[in-house]
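See structure below.
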Amino acid sequence: MKQLLLVFLGGGVGSALRYLISKLLNPVHPSFYWGTFTVNILGCLLIGAILGYTSKVNLLSENQLLLLATGFCGGFTTFSAFAFEKHSLLKNGDFMPFFIYLASSIILGILAVALGLWLSTKNPF
């Protein structure tokens, strides 16, 4: 239960920060989501630094990793976990799974958004 609360707390803080950054930066250029882009790249940098530092010096506990990597970075952006997983596949030389996962995640994600939008605008009754 403690671990779930740590993820919840970190995710809440990350989500709130993502919201604030997006509100601040997205209006800068209407045809490019600068806020979303910024949090995605910062999230990737943060999860890389957190997990890299931990693997190097083993300083953070499992609970601290749950709070920071799973919770905060996960709430700040799910793109950070996505990018870390792709990096792991490349590092291990798993090139075919890398390309399949990358392409299918992007294509199916966009299609799923389109389907969800379409389904939500249709009145089945």
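Annotations for the structure displayed:
- Filter pass, LEU108 being open to solvent by 60 Å² or more (accessible area, probe 1.4 Å) and in contact with a Ser or Thr (Cβ under 9 Å, 6 or more places away or on another chain): no
- Any hit, the stretch 115-124, residues being of a type in the set (A, V, I, L, M, F, W, C) and under 27 Å from VAL7 (Cα atoms): no
- Close pairs (8 angstrom Cβ cut-off, 6 or more residues apart or separate chains): closer than 16 Å to PHE79 by Cα and among the hydroxyl-bearing types (Ser, Thr, Tyr) in the stretch 92-110, at pLDDT below 90 and open to solvent by 50 Å² or more (accessible area, probe 1.4 Å) anywhere: TYR101/GLU85
- Top-ranked residue in the stretch 62-97 [being farther than 13 Å from ILE47 by Cα and polar (S, T, N, Q); ranked as nearest to the chain's Cα centre (by Cα)]: ASN63
- Checking the stated criteria, PHE8 turns out to be open to solvent by 50 Å² or more (accessible area, probe 1.4 Å), assigned to a helix (DSSP H, G or I) and among the aromatic types (Phe, Trp, Tyr).
- Residues located in the stretch 68-89, provided they are under 16 Å from GLN3 (Cβ atoms) and open to solvent by less than 50 Å² (accessible area, probe 1.4 Å): ALA69, GLY71, PHE72, CYS73, GLY74, GLY75
- Restricting attention to the stretch 45-60, the residues being within 18 Å of VAL13 (Cβ to Cβ) and either of a type in the set (S, T, N, Q) or assigned to a helix (DSSP H, G or I) (or both) number 5.
The values are calculated or read from the model by the stated rules, or taken from the named source; none is laboratory data. Owing to the predicted nature of the structure, the values given are computational and were not obtained by experimental measurement. Here Cβ is always computed from backbone atoms with ideal geometry, including for glycine, and neighbour counts include all displayed protein chains. Side chains included, ligands, DNA and RNA excluded: accessible areas come from the protein's heavy atoms. Shrake-Rupley method; radii C 1.70, N 1.55, O 1.52, S 1.80 Å.
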